[in-house]
Amino acid sequence: MHLASYIANGRASFGAVVGGGVVDFRVRFGARFATLVDLIRADVIDEVRAAVAGMRPDFPLSAIELLPPLLAPEKILCIGINYANRNADFNDPDTPKYPSMFYRHPGSFVGAGQALVRPNVSVQLDYEGEIAMVIGREGRHVPKERAHDHILGYTLCNDGTVRDWLRHGKFNVTQGKNFDRSGSMGPFIVTADEIDSGKPMHITVKVNGEITQDDNTASMIFSFADIIVAGTPIKLAPRSDPPHWLKAGDIVEISSPELGTLRNTVVDEIR
């Protein structure tokens, strides 16, 4: 099942993508669940899947504005430098023993098709194509061999980063990762039952139609049993001097055969 949050007829809603449209859950389950997060926490995905089987869409995809799949998740945790070949970017030959983690707040993401905003305090907006997993069950001290039992599904992420602000703190990167609307997530959550967990997922990034990242999850240092937002592959082109940053009008597309395409256009922040 493909799960989405969106705006239809001027109001926020959520539902399942069926064919070329969405089955609206606010109409059918709104008395029980106010948001997709509430539905997931209630652990009723199997019930909902059975209920919507065979239903016709309420809205075509062309009539809705996609939002980040989860509007108010409890937390968004991201992993840095998780593709083995990215160590070369940092002149570090050693494989880390533990993942490096940072936090993003929900307002730093937009949905598929919405504008990425380059903040006016910097020109150094960069992109990072990633695959994210969505946790569907609470857990504590979960054994690694049971970690996949807690994964609801997967989605795509552009971990948009303001590079010069990564260096404004001595020990962390959080300040460069949390500008409003600087990253994106979506287009949908693809539930884990539709993903072959034994097969690597491919991820490709294009900027203005040119492939700039191309890798698969077999290259990850820490697997989905260890982490949440999975980190980004190395960029294919050599580093340029000066670097090329995203600018207004650029189009970033992150694609995976299993998860679809997350497409966003860059705009400058209005002063």
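The values are calculated or read from the model by the stated rules, or taken from the named source; none is laboratory data. Since we're looking at a predicted model, the values are computed, not measured. Glycine also receives a Cβ, built like all others from the backbone with ideal geometry; neighbour counts cover every protein chain displayed. Remember, those area values only see protein heavy atoms, side chains included, never the ligands or the DNA or RNA. Shrake-Rupley method; radii C 1.70, N 1.55, O 1.52, S 1.80 Å.
Rounded to the nearest 500, the 222 nm mean residue ellipticity of the chain from helices alone is -1500 deg cm²/dmol, with -39,500 (n - 2.57) taken per DSSP H run of at least 4 residues. The alpha-carbon of LYS247 sits under 24 angstrom from the alpha-carbons of these lysines, leaving out residues fewer than 8 places away in its chain: LYS177, LYS206, LYS235.
Within the set of other residues whose C-beta is less than 14 Å from the C-beta of ALA31, count the net charge using Lys and Arg as +1 and Asp and Glu as -1.
+1
Could you check which residue among ALA50, ALA16, ALA115 shows the biggest mean-square fluctuation in a GNM of the chain with a 10 Å Cα cutoff? Looking only at ALA50, ALA16, ALA115, the largest GNM fluctuation is found for ALA50.
The gain in end-to-end length when the GLU258 to MET55 segment is fully stretched comes to 70.8 nm, 0.36 nm per residue minus the alpha carbon separation. Other residues whose C-beta falls under 11 angstrom from the C-beta of CYS78 contribute a net charge of 0, scoring Lys and Arg +1 and Asp and Glu -1. Annotation: THR261 carries an accessible surface of approximately 60 Å², with a 1.4 Å probe and no ligand, DNA or RNA atoms counted. Full extension of the chain between GLU65 and ILE211 gives 49.9 nm of extra length, using 0.36 nm per residue less the Cα-Cα distance. Heavy-atom surface analysis with a 1.4 Å probe gives the chain a carbon and sulfur content of 53 percent of its accessible area.
Using a/c under 1.5 as the rounded threshold, could you call the stretch 173-215 rounded, prolate or oblate? The axes a ≥ b ≥ c are square roots of the C-alpha gyration tensor eigenvalues, and prolate needs a/b larger than b/c, oblate otherwise. Oblate shape, in that a/c is at least 1.5 and b/c is the bigger or equal ratio. Of the residues SER182, MET201, VAL134, the one whose Cα sits farthest toward the positive end of the charge dipole of the chain, with +1 on the Cβ of Lys and Arg and -1 on the Cβ of Asp and Glu, is SER182.
Here the simple spin-label model places points 7 Å from the Cα toward Cβ, and for LYS199 and GLU74 these points are separated by 3.2 nm.
Is the C-alpha gyration tensor of the stretch 1-120 telling us rounded, prolate or oblate? Criteria: a/c under 1.5 is rounded; beyond that, a/b larger than b/c is prolate, otherwise oblate. Judged from the Cα gyration tensor, the stretch 1-120 comes out prolate (a/c at least 1.5, a/b above b/c).
Among GLY198, GLY129, GLY231, which one moves the most in a GNM of the chain with springs linking Cα atoms closer than 10 Å? The residue that fluctuates most here is GLY198. Determine the shape class of the stretch 70-168: with a ≥ b ≥ c the square roots of the Cα gyration tensor eigenvalues, call it rounded for a/c under 1.5, and otherwise prolate if a/b is greater than b/c, oblate otherwise. Oblate.
Per-residue surface analysis assigns ASP193 an accessible area of about 100 Å², computed on protein heavy atoms at 1.4 Å probe radius. Surface analysis of the chain yields an accessible area of 50 Å² per residue, using protein heavy atoms and a 1.4 Å probe.
Between LYS97 and HIS141, the modelled labels are 2.2 nm apart [label points 7 Å from Cα along Cα→Cβ].
Sorting the segments 144-154, 5-15 by their mean number of nearby beta carbons within 10 angstrom, highest to lowest, gives 5-15, 144-154.
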